[in-house]
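First comes the structure, then the notes that go with it.
The values are calculated or read from the model by the stated rules, or taken from the named source; none is laboratory data. These numbers were taken from a predicted model, which means no experiment stands behind them. Don't worry about glycine lacking a Cβ; one is built from the backbone with ideal geometry, like all the others, and counts go over all protein chains shown. These area figures cover heavy atoms from the full protein model, side chains too; ligands, DNA and RNA do not enter into them. Shrake-Rupley method; radii C 1.70, N 1.55, O 1.52, S 1.80 Å.
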Amino acid sequence: MAENKNIALITGITGQDGSYLAEFLLAKGYEVHGIVRRASVFNTERIEQIYQDPHESHRRLFLHYGDLSDASNLNLLLKTIQPTEIYNLGAQSHVKVSFEIPEYTGNVDALGTLRLLDAIRENKIATKFYQAGSSEMFGDVLETPQKETTPFNPASPYGAAKVFAHHLCKNYRTAYGMFICNGILFNHESARRGKTFVTRKITRGIAAILAGKADKIYLGNLDAKRDWGFAPEYVEAMWLMLQQEKPDDYVIATGQTHSIREFLQEAFALVGITDFEKYVGVDPQYYRPQEVNLLLGDASKAKQKLGWESKVKFKQLVKIMLEADLKEAGVDINKIIKK
């Protein structure tokens, strides 16, 4: 590998954040490597557009089969790629699902981070490491808004696994002098958000209703409040963390919180529907065994030290997502979306 070459390794490259981060880094001239889990079907639709890039940035994108549960594979990949930056975005990231498969969630989200860090340490890889934390680590919150010094109080196996990984990263940073940053990212959405997440369930559901393919959207707790931002902005924050002189931990958030009910109201209003309640059903199966009712982030440190702050606010975010799903469903946006 040539000296002074920026080489990034992204776990979870086929996910929402991984795909946006890959585009971002390729635009900056990086060579980008991504780890992809082997499955019976391809799950690379979020990065397909990179291969259509007229600048041929896809020639600097390399995908490798691997898994965060496979230490020997991770060791081999790190020795082969010798990345200068590693972004650990791979995870079982659905909170509700983590209650159903807690052991797998802990194996990938918690122990997967340990395997990566040990591969770096054992192979003496000179790299900077980004760990994808989550606002779910705050869980049943102990103070509002939540910032870097707020105590963690996870309310799910997912949140608990992320807390393990967070503290492990701090431990390895101190014990071994490794350049490791924890990004505590609050909810961030986009048209690439997974289809089982509540925001996409809402925007896809509205599109299906308007296309005549569904009658209702079925959700769980409509009163849960979240700090929702725009995913492409959040991946820039990840990169900025690794460009600093010293590693540190940062909360990334908008500083605004809205309930799922408010998201529904805003999205339905955009298509001229004010009585959205008749199109929404509450199904107990979507409730979590332990609910997190309020998440609200304070990103003051990121603004001060990274020069980062969110630009896309709640209403614009809802509109971006809804327009994308209406278009995908073949609904004429110009006739429906309120300007």
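Please find, among R200, R173, the residue that is at pLDDT 95 or above, touching a helix residue (DSSP H, G or I) at 6+ places or on another chain (Cβ under 8 Å) and either surrounded by 17 or more Cβ atoms within 10 Å (Cβ to Cβ) or part of a helix (DSSP H, G or I) (or both). Give the derivation first.
Values: R173 fails: touching a helix residue (DSSP H, G or I) at 6+ places or on another chain (Cβ under 8 Å).
Within the list R200, R173, the selection yields R200.
So how many residues does the stretch 137-155 have that are open to solvent by less than 10 Å² (accessible area, probe 1.4 Å) and either farther than 20 Å from D227 by Cβ or in contact (Cβ under 8 Å) with a residue 40 or more places away in the chain (or both)? Break it down into steps so the answer makes sense when it comes.
Of the residues in the stretch 137-155, the ones open to solvent by less than 10 Å² (accessible area, probe 1.4 Å) are 137-139, 146, 150, 155.
When the remaining residues are screened for being either farther than 20 Å from D227 by Cβ or in contact (Cβ under 8 Å) with a residue 40 or more places away in the chain (or both), the result is 137-139, 146, 155.
Residues flagged as open to solvent by less than 10 Å² (accessible area, probe 1.4 Å) and either farther than 20 Å from D227 by Cβ or in contact (Cβ under 8 Å) with a residue 40 or more places away in the chain (or both) within the stretch 137-155 amount to 5.
Which residues, taken from the stretch 272-292, are polar (S, T, N, Q) and closer than 30 Å to V141 by Cβ?
Here is the first cut: in the stretch 272-292, the residues polar (S, T, N, Q) are 274, 285, 290.
Those that are polar (S, T, N, Q) and closer than 30 Å to V141 by Cβ: Q285, Q290.
With a requirement of 1 or more residues that are under 19 Å from the mean Cα position of the chain (by Cα) and under 23 Å from V198 (Cβ atoms), the helices (runs of 4 or more DSSP H) lying completely within the stretch 287-339 that satisfy it span 314-328. Taking the stretch 23-32 as the range and being within 21 Å of the chain's Cα centre (by Cα) and either open to solvent by 10 Å² or more (accessible area, probe 1.4 Å) or of a type in the set (G, A, S) (or both) as the test, the residues that pass are E23, F24, A27, K28.
Identify, from the list A91, A132, A126, the residue that is in a loop (DSSP other than H, G, I, E, B), under 13 Å from I180 (Cα atoms) and not polar (S, T, N, Q).
Working: A91 fails: under 13 Å from I180 (Cα atoms); A132 fails: in a loop (DSSP other than H, G, I, E, B).
It is A126.
Is one or more of the residues making up the stretch 311-326 under 24 Å from K246 (Cβ atoms) and open to solvent by 50 Å² or more (accessible area, probe 1.4 Å)? No, every residue in the stretch 311-326 fails to be under 24 Å from K246 (Cβ atoms) and open to solvent by 50 Å² or more (accessible area, probe 1.4 Å). Among residues of the stretch 195-221 that are farther than 17 Å from V318 by Cβ, those with a Cβ under 6 angstrom from a residue that is of a type in the set (V, I, T), sequence gap 6+ or separate chain, pair up as A211/V331.
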